[in-house]
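The values are calculated or read from the model by the stated rules, or taken from the named source; none is laboratory data. Bear in mind the structure is a predicted one, so any value in this text is a computation, not a measurement. Cβ: placed from backbone, ideal geometry, glycine included. Neighbour counts: every protein chain shown. Calculation scope for accessible area: heavy atoms of the full protein, side chains included, ligands and nucleic acids excluded. Shrake-Rupley method; radii C 1.70, N 1.55, O 1.52, S 1.80 Å.
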Amino acid sequence: MKKGLVLEGGAMRGLFTAGILDVMMEHDVWPDGIVGVSAGAAFGCNYKSRQPGRAIRYNKRFAHDSRYSGLRSLLTTGDYFNANFSYHVVPKNYDVFDDDAFEANPMAFVVVCTDVTTGKAVYKQLDECSYDTYEWIRASASMPLVSKVVELEGYKLLDGGVSDSIPLEWAEQNGYSRNVVILTQPAGYQKEHNRLMPLMRIGLRKYPQMVEAMDKRHLMYNRQLEYVTEAERKGRCLVIRPDGKIPIGHISHDPDEMERVYQMGREMGERRINEIKEYLCE
């Protein structure tokens, strides 16, 4: 029986997830595989490389660094989060990502992206560290309108959350029969239609299937919440979610705000770690 970890995205709300993952690492909890979406991929990779604290550390360190993110980066490169500095310079030179530990860890690590030409999800298992490995993680977390399309292996890719926000069904179809699902929205949340669709239609006009996926994303997301709720009721998954709305926007440059969200995750992780260990280890 394979045990899995499903990580929703949510941009900077993902620091809540990072706090939980750090607690799980500190308690030596290791599932057979992870599937991460957007921030779930960008922060979840530190789980496979066994580096607790890394996600919150570099986000706080570079919160005000224009090389890392901001309007200057968006205007000069087309990416709010600078593609080269954020995904290649930082992990190689400033807060070094442990490539060797990532590759040595037998746990599967899968990222979800969206193919802008079809509007459909693309799933990529990353086993070895290379330039393209970092690019797949970047693609998964590349938010429409503030990111350039990432071209990899014949695909044109953006944010995986557009096509498969909570990939529990994918995990189950791929042999993971017991899953811990970490969400970044509280119980009762329902996604509404994207108010930025007029801008999306302009910015993504070359990709009509992506525009359609964005237009219907709220319907897909809410159906997935129903699926997760039913799976939880039947005992097929254990769901970890915040008690209330996470107090941070999609984009934040406030280190104190980041730390508060991260600590919310750590507190939730400590509160439920015995339950997580029992569910994944029984």
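Please go through (1) touching a residue at least 60 places away in the same chain (Cβ under 8 Å); (2) of a type in the set (A, V, I, L, M, F, W, C); (3) open to solvent by 10 Å² or more (accessible area, probe 1.4 Å); (4) within 30 Å of residue 230 (Cα to Cα) for residue 146 and return the number of the only condition it doesn't satisfy. Status for residue 146: all satisfied but (4). Is it fair to say residue 276 is assigned to a helix (DSSP H, G or I) and not small (Gly, Ala, Ser)? Against the criterion (assigned to a helix (DSSP H, G or I) and not small (Gly, Ala, Ser)), residue 276 qualifies. Within the range 55-81, restricting attention to residues that are open to solvent by less than 30 Å² (accessible area, probe 1.4 Å) and polar (S, T, N, Q), the residue that is nearest to residue 14 (Cα to Cα) is 59.
Scanning the range 149-173 for residues that are under 18 Å from the mean Cα position of the chain (by Cα) and open to solvent by 30 Å² or more (accessible area, probe 1.4 Å) yields 149, 169, 170.
Scanning the range 204-253 for residues that are hydroxyl-bearing (Ser, Thr, Tyr) and part of a loop (DSSP other than H, G, I, E, B), we see that the one that is farthest from the chain's Cα centre (by Cα) is 207.
Take residue 20 and decide whether it is in contact (Cβ under 8 Å) with a residue 60 or more places away in the chain, among the aliphatic types (A, V, I, L, M), over 22 Å from residue 162 (Cβ atoms) and surrounded by 18 or more Cβ atoms within 10 Å (Cβ to Cβ). Don't jump to the end; show me each part of the working.
Details: in contact (Cβ under 8 Å) with a residue 60 or more places away in the chain: yes; among the aliphatic types (A, V, I, L, M): yes; over 22 Å from residue 162 (Cβ atoms): yes; surrounded by 18 or more Cβ atoms within 10 Å (Cβ to Cβ): yes.
Taking the combined requirement at face value, the residue satisfies it.
Only residues that are in a loop (DSSP other than H, G, I, E, B) and in contact with a Gly (Cβ under 8 Å, 6 or more places away or on another chain) were counted across the range 35-65, and they come to 1.
Here's a check for you: in the range 153-195, which residue that is of a type in the set (Gly, Ala, Ser) and in a helix (DSSP H, G or I) is nearest to residue 218 (Cα to Cα)? It would help to see each step written out before you state the result.
Going residue by residue through the range 153-195, those that are of a type in the set (Gly, Ala, Ser) are 154, 160-161, 163, 165, 171, 175, 177, 187-188.
Then keep just the ones that are in a helix (DSSP H, G or I); that gives 160-161, 171.
Values: 160: 14, 161: 11, 171: 21 Å.
Per the criteria, the residue is 161.
The set of residues in the range 126-144 that are more than 14 Å from the chain's Cα centre (by Cα) and not in a helix (DSSP H, G or I) comprises 126, 127, 128, 129, 130, 144.
I'm trying to understand the selection: among the residues of the range 200-241, which are β-branched (Val, Ile, Thr), within 24 Å of residue 5 (Cα to Cα) and open to solvent by 40 Å² or more (accessible area, probe 1.4 Å)? Steps first, please.
Residues of the range 200-241 that are β-branched (Val, Ile, Thr), as a first pass: 202, 211, 228-229, 239-240.
In the following step, the residues that additionally are within 24 Å of residue 5 (Cα to Cα) were identified as 228-229, 239-240.
Matches in the range 200-241: 229 only.
This table checks each residue for (1) over 28 Å from residue 148 (Cα atoms); (2) open to solvent by 90 Å² or more (accessible area, probe 1.4 Å); (3) modelled with pLDDT of 95 or more.
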{"site": "245", "(1), (2), (3)": "yes, yes, yes"}
{"site": "251", "(1), (2), (3)": "no, no, no"}
{"site": "259", "(1), (2), (3)": "yes, no, yes"}
{"site": "269", "(1), (2), (3)": "yes, no, yes"}
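Scan the range 71-108 for residues that are in a loop (DSSP other than H, G, I, E, B) and in contact with a Phe, Trp or Tyr (Cβ under 7 Å, 6 or more places away or on another chain) and the total you get is 3.
Within the range 82-110, being of a type in the set (D, E, K, R) and open to solvent by 20 Å² or more (accessible area, probe 1.4 Å) holds for 92, 98, 99, 100, 103.
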